[in-house]
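The values are calculated or read from the model by the stated rules, or taken from the named source; none is laboratory data. The shown structure was predicted, so the numbers you read here are calculated from the model rather than taken from an experiment. Note that each Cβ is placed from the backbone with ideal geometry, even for glycine, and that neighbours are counted across all protein chains shown. Please note that ligands, DNA and RNA were not included when accessible areas were found on the heavy atoms of the full protein model with its side chains. Shrake-Rupley method; radii C 1.70, N 1.55, O 1.52, S 1.80 Å.
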Amino acid sequence: MQFLQAYLRNPAAAFGLVLLAAVLALAATAGLLFPDNPLGLAGRPLQWPFSNPRFWLGTDHTGRDIAAQIFHGARVSLVIGFVATVIAILIGVLIGALAGYYGGVIDDLLMRVTEAFQILPNFLLLLVLVAVFGSNMETIVVAIGVVSWPPAARLTRAEFLTLRNREFVQAGRTLGLGDARLIFGEILPNALPPVIVYASVIMAVAILLESALAFLNLSDPNVPSWGNLIGGGRAVLRDQWYVSAIPGFAILLTVLAVSLVGQGLNDALNPKLKNR
Amino acid sequence: MRFLTLAGRRLAAALPALLIILAGLFLLLQLAPGDTVDALVAQIGGADATVIEELRRHYALDRSASSRLLDYLWRLVHLDLGESAIYGKPVIDVIVERIPPTLLLMGSALALAFGFGMVLGIVAALRVNRWPDTLISTLGLVFYATPSFWFGLMGIFVFAVYLGWLPAGGYGTIASGLAGWAHIADIAWHLTLPVVTLALIFLAIYLRIMRASMLEVSTLDFVRTARAKGLPESRVVTRHVLRNALLPMVTLIGLQTGTMLGGSVVVECVFALPGLGRLAYESVMQRDLNTLLGVVFISALLVIAINFIVDLLYARLDPRINATH
């Protein structure tokens, strides 16, 4: 309760929460308001927003309803962003925990792998994975998770390094707890909060990565994605600029919501750092 | 001489990671459906089994994976990246042609993001929690959340289509016959929108770090000392706070190189720039894995090289770093 109050006292964080709730509402009502396939032909192509009461955000160059794609796209963006983040955090926490807890050769080895992933430009690695494994939705989600974990691993490792010799861990060790119990039962719960806060950054980037892939036509063509709609609107940018403009705002607001909530959580967890 | 030892040591430190990257790329190549011979055979329109067998032997595909991995690494040491299927030239030649536009784009975007990020970060830090700070920080958040390709498209619509001030894409006017300064000005004119597009996200990151770093340094003891001995505020900021606050900004250049290369893929595609990123995209679209992996390898080398330069810069800015190493 106290935490919620601290969180809501920050107007930017509260705004972020409202925005996130709005995007969630879009995703939740998509099936209800637009039961038809959002990628199906809905009407005459390139109708301007507000010109036809049936399509209040207009139709795109192939006659699909833009509003329906925005609502269904919210689902896709949130699901991809969330699942990719969970994958990235799982990989990152596991590698960071093992490296930080055991140190020595294991640490060296795992950190070299982390470095390798950090040297490779994220988006290029993503392109390689898509080129090799194809571009259906599952592959894309896993690929985004696989390119996003290194910062989470470094963060977890740093936390483990400061925690592994604390008294409560030593107490656990003298009680005869095994390594797995110590890592996941004792240290990890204490190391997790900053990692969870950082997850918001990963999620924001994951949503942007997916939209960029979809914009380049490298994402799953069978799911309605905001990036895909922007890419399609590119062909008619000269006259019907709204086709690209509208989904762009949707991405912007979603990413903004995720970052604001993350920052709000961070400020509420570390009140001392609030003015930074 | 010291430079060379330093360079050698840095390269040695980066070597394990580079080896892991190469082994990983090799593994991915194995997982990709079809090999070089399949691609070749498809290109020449089919061949009988003996010819395919012959080709496999020619490309050493009949040998064990480990011996081919060693072979692959050995070729990479000589920068032999194989043939590009779509361009019909050695991959390294194609890549070398594509590097200058990307470096120019990244360098200009970096300079723009660093410069404006620094200034805006300083302004925000000096007026912390008042309206200039709120405005700048909000702007930073919005820029950070904006997908670069969308910003690029909107830029094209406003500045190229609607206002007609800037070209919508390309790397210089085609067949213009311009030379000397006119040619440079032409390229600069074409790169304005792409550079601003790429710089925007990084501007947001730089201004946030600069602001945080200024606030952090201004609480340190030596700043209090400077104030206590009666230095004017402007001198405290420029001589004492700013110089120390710049260090994290320099670190960030190295950390962000990879992200920037990734960002340039998208920006180059939006603005039809003949750079490394667009080459990567084209090779994905054409299933030319040799070229794609070549681009990734060269990008990794580029990131390592830029990080090395950043380290040198860092040591110049902060003499303490040389003393400890």
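Tell me which residues, restricted to the range A:51-66, are crowded, with 21+ Cβ neighbours inside 10 Å and not in a loop (DSSP other than H, G, I, E, B). Once the filter is applied, which keeps residues that are crowded, with 21+ Cβ neighbours inside 10 Å and not in a loop (DSSP other than H, G, I, E, B), the range A:51-66 yields A:F55, A:T59, A:D65, A:I66. Quick one: in the range A:15-50, which of the residues that are open to solvent by less than 40 Å² (accessible area, probe 1.4 Å) and closer than 13 Å to A:T62 by Cβ is modelled with the highest pLDDT? So, considering only residues that are open to solvent by less than 40 Å² (accessible area, probe 1.4 Å) and closer than 13 Å to A:T62 by Cβ, the one modelled with the highest pLDDT is A:P38. All of (1) at pLDDT 85 or above; (2) surrounded by fewer than 19 Cβ atoms within 10 Å (Cβ to Cβ); (3) within 30 Å of A:A99 (Cα to Cα) hold for A:M203 with one exception: (2). Looking only at residues of the range A:103-124 that are under 15 Å from A:A158 (Cβ atoms) and modelled with pLDDT of 90 or more, we find that the one that is farthest from the chain's Cα centre (by Cα) is A:D107.
For the range B:79-102, the set of residues classified as free of Cβ contacts under 8 Å to residues at least 12 places away in the same chain and either among the hydrophobic types (A, V, I, L, M, F, W, C) or under 18 Å from B:L215 (Cα atoms) (or both) consists of B:V96 only. Being in contact with a strand residue (DSSP E or B) (Cβ under 7 Å, 6 or more places away or on another chain) and more than 25 Å from B:L120 (Cβ to Cβ) holds for only one residue in B:N307, B:N290, and it is B:N290. Only helices (runs of 4 or more DSSP H) whose full extent lies in the range B:66-182 are considered here, and the ones with at least 3 residues that are surrounded by fewer than 18 Cβ atoms within 10 Å (Cβ to Cβ) are B:91-126, B:131-145.
In the range A:246-260, is there at least one residue being farther than 21 Å from B:T146 by Cα and touching a residue at least 12 places away in the same chain (Cβ under 8 Å)? Checked against the condition, which is being farther than 21 Å from B:T146 by Cα and touching a residue at least 12 places away in the same chain (Cβ under 8 Å), the range A:246-260 yields no hits at all. Scanning for something in a helix (DSSP H, G or I), polar (S, T, N, Q) and away from every other protein chain (no Cβ under 11 Å), does the range B:239-259 turn up at least one residue? Scanning the range B:239-259, I find at least one residue that is in a helix (DSSP H, G or I), polar (S, T, N, Q) and away from every other protein chain (no Cβ under 11 Å), so the answer is yes.
Each row is one residue, and each column tells you yes or no for (1) among the hydrophobic types (A, V, I, L, M, F, W, C); (2) in contact with a helix residue (DSSP H, G or I) (Cβ under 7 Å, 6 or more places away or on another chain).
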{"site": "B:I187", "(1), (2)": "yes, no"}
{"site": "B:L215", "(1), (2)": "yes, yes"}
{"site": "B:D221", "(1), (2)": "no, no"}
{"site": "B:G230", "(1), (2)": "no, no"}
{"site": "B:T238", "(1), (2)": "no, no"}
{"site": "B:G262", "(1), (2)": "no, yes"}
{"site": "B:F271", "(1), (2)": "yes, yes"}
{"site": "B:R278", "(1), (2)": "no, yes"}
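For the range B:287-319, the candidate set comprises residues that are within 10 Å of chain A (Cβ to nearest Cβ) and not in a helix (DSSP H, G or I); within that set, the residue that is least open to solvent (accessible area, probe 1.4 Å) is B:D288. Residues of the range B:259-287 that are under 17 Å from A:V130 (Cα atoms) and of a type in the set (S, T, N, Q): B:S283, B:Q286. Considering only residues that are in contact (Cβ under 8 Å) with a residue 24 or more places away in the chain and either within 7 Å of chain B (Cβ to nearest Cβ) or of a type in the set (F, W, Y) (or both), which ones fall in the range A:121-141? Hits for the range A:121-141 are A:N122, A:F123, A:L127, A:V130. Could we say that A:I87 is within 14 Å of another protein chain (Cβ to nearest Cβ) and either open to solvent by less than 10 Å² (accessible area, probe 1.4 Å) or at pLDDT 90 or above (or both) here? Spelling it out, it is not the case that A:I87 is within 14 Å of another protein chain (Cβ to nearest Cβ) and either open to solvent by less than 10 Å² (accessible area, probe 1.4 Å) or at pLDDT 90 or above (or both). Annotation note: Cβ proximity below 9 Å between a residue of the range B:206-217 that is touching a residue at least 40 places away in the same chain (Cβ under 8 Å) and a residue that is of a type in the set (D, E, K, R) and assigned to a helix (DSSP H, G or I) (sequence gap 6+ or interchain) occurs for B:R211/B:D133.
Counting the residues of the range A:232-249 that are at pLDDT 85 or above and either open to solvent by 20 Å² or more (accessible area, probe 1.4 Å) or aromatic (F, W, Y) (or both) gives 2.
When you go through A:N266, A:N217 one by one, which is the residue that is within 16 Å of A:I140 (Cβ to Cβ) and touching a residue at least 12 places away in the same chain (Cβ under 8 Å)? Spell out the reasoning first.
Numbers: A:N266 fails: within 16 Å of A:I140 (Cβ to Cβ).
It is A:N217.
Taken over the range A:94-130, the criterion of being in contact with a Lys or Arg (Cβ under 7 Å, 6 or more places away or on another chain) and open to solvent by 10 Å² or more (accessible area, probe 1.4 Å) is satisfied by A:Y101 alone.
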